[in-house]
Amino acid sequence: MAEEAAEALLPSSETGKALVGRNAFVEELKEFGMSSALETLCGQAYGAGQYRKLGAFTYGAILCLFLVCIPISILWLLSGKFLRLIGQDPSIAAEAGKYAIWLIPTLFPYAILQSLVRYMQTQRLIIPMLWTAATALAVQLTICWAFIFKLDLGSAGAALSITVSYWFNVILILLYVKYSSTCKKTHAALALSKEVYSTMGEFFRFAVPSAVMACLEWWSFELIVLLSGILPNPKLETSVLSICLNTNSVHNQIPYSFGAAASVRVSNALGGGKPQAARVALSVVLILSATEAFIASITIFCCRYVWGYVFTYEQEVITYLKDITPLLCLSIFLDGTLVVLSGVARGTGWQHIGAYVNLGSYYLVGIPVALLLGFVLHLKGEGLWSGLVVGAFVQSIVLSLITGFTNWEKRAVEARQRMFNEQMLPQNDFLE
């Protein structure tokens, strides 16, 4: 009976698409994380008035990310076999592998898009990005509906609509960059020049720890969802934790905007030699983000009895989701602070420190606690998610201490030296 109830919760094809959708997101997160190096380089270049160098960093980043797309494409080709290898249901793994292959074309426009977003963001050109993103979204919704319901392409149509949307967004931003007077001094006569190639080493120096910093955190969430697949009644556990993860990641776009603002303001201020402005920006954004996270947590907690109906009508899933909602709300609140502190780390150039913090917080503390609570103490999905909460709490404490003891004057000097190619200060000299 338990097995039959589990099978009724979610069709294997939908579970497979959910798993690979999250897996695809994390693989794209590698590109997202690597492009975050531009928040340091472009942000500080703009603050220092080194506009030509800002453009060179952006072109170099696009070339680097295109190279990274090749091994990621190979991983996606093999994702179905990998899921079977780690014990996932064969029907789920097969559907996941099929969907992943259709998602491969999204990688290359995504690489360009994320670089251009950082290029625009660090120059505070937010409104043009808002309009291009809104237009691209409208196009994707239309194409996705046509591909799935009119052309009957199913999951392949959904994946292809993402590709079309990314390319459309890229074209719109490139047109703006080409014809807008605000971008002329940062992109003119730079494409494929020697100056661009010379920035690739500097980009990788920040991009690799940026990717590690982002991926270590999100891999811990994905690992928890995968571990839920080997609990008793795996379809129920996977369904509920996938809903929690999707809820958390969708909400995370709001505090991420605060983190992006903190990154831009801090990097611009440090590049311009204004450490006091960096302190003020950090304080303001932390207050705004904490307030938003508190409101969001309270709202979801109050809606815990009906929240599950957004995703399913299966009563077993809805009841379980209601029970785990307090832990989800705690995660959302902690993330409100974490994304701002992570944004400050990117703007300052601390990605390597952030990577160590994430490694220790989640893999030395969070995941072991999740395994203990979920499998040893038999708290199942609630125990697994509790481990993530513990990891996020440790991460927030450590990042807060690092940020609180930062010598911003030294960071401003270091940023200026980086932009004007002078001798650098030691990278581990970040405290007063």
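The values are calculated or read from the model by the stated rules, or taken from the named source; none is laboratory data. From a predicted model like this one, the values you see are computed outputs, not experimental measurements. In this analysis, Cβ positions are derived from the backbone assuming ideal geometry, glycine residues included, and neighbour counts consider all displayed protein chains.
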Near pairs, Cβ below 6 angstrom, 6+ apart or cross-chain, from the range 279-299 (farther than 16 Å from residue 334 by Cβ and buried (at least 16 other Cβ atoms within 10 Å of the Cβ)) to any residue that is aromatic (Phe, Trp, Tyr) and at pLDDT below 90: none
Residue ID - surrounded by the fewest Cβ atoms within 10 Å (Cβ to Cβ), chosen from residues in the range 235-257 that are hydrophobic (A, V, I, L, M, F, W, C) and touching a residue at least 24 places away in the same chain (Cβ under 8 Å): 254
Selection count where residues are crowded, with 16+ Cβ neighbours inside 10 Å, aliphatic (A, V, I, L, M) and closer than 30 Å to residue 49 by Cα, scope the range 161-173: 3
Close pairs from the range 49-74: first within 18 Å of residue 107 (Cβ to Cβ), partner buried (at least 21 other Cβ atoms within 10 Å of the Cβ) and of a type in the set (S, T, N, Q), Cβ under 7 Å, at least 6 apart: 61/35; 61/115; 62/115; 65/35; 65/115
Residue check, residue 199 at pLDDT 85 or above, buried (at least 20 other Cβ atoms within 10 Å of the Cβ) and within 18 Å of residue 122 (Cα to Cα): yes
Test: residue in the range 211-232 that is over 30 Å from residue 87 (Cα atoms) and not hydroxyl-bearing (Ser, Thr, Tyr): no
Criterion (at pLDDT 90 or above, more than 21 Å from residue 405 (Cβ to Cβ) and in contact with a Ser or Thr (Cβ under 6 Å, 6 or more places away or on another chain)) met by exactly one of 332, 324: 332
Test: residue in the range 136-151 that is among the polar types (S, T, N, Q), at pLDDT below 85 and over 27 Å from residue 210 (Cα atoms): no
Subset of the range 133-160 that is free of Cβ contacts under 8 Å to residues at least 40 places away in the same chain and polar (S, T, N, Q) - its residue that is surrounded by the most Cβ atoms within 10 Å (Cβ to Cβ): 140
Enumerated helices (runs of 4 or more DSSP H) restricted to the range 1-77, each holding at least 2 residues that are closer than 30 Å to residue 185 by Cβ and modelled with pLDDT under 85: 12-35
Count - residues of the range 49-104 that are within 20 Å of the chain's Cα centre (by Cα) and among the aromatic types (Phe, Trp, Tyr): 2
Cross-chain or 6+ apart pairs with Cβ under 8 Å, the range 401-413 first and over 14 Å from residue 349 (Cα atoms) and free of Cβ contacts under 8 Å to residues at least 40 places away in the same chain, then of a type outside the set (Gly, Ala, Ser) and not in a helix (DSSP H, G or I): 405/431; 405/432
Qualifying residue in the range 218-234 (condition: crowded, with 20+ Cβ neighbours inside 10 Å, over 30 Å from residue 318 (Cβ atoms) and aromatic (Phe, Trp, Tyr)): no
Residue within the range 228-241 that is of a type in the set (Asp, Glu) and more than 17 Å from the chain's Cα centre (by Cα) present: yes
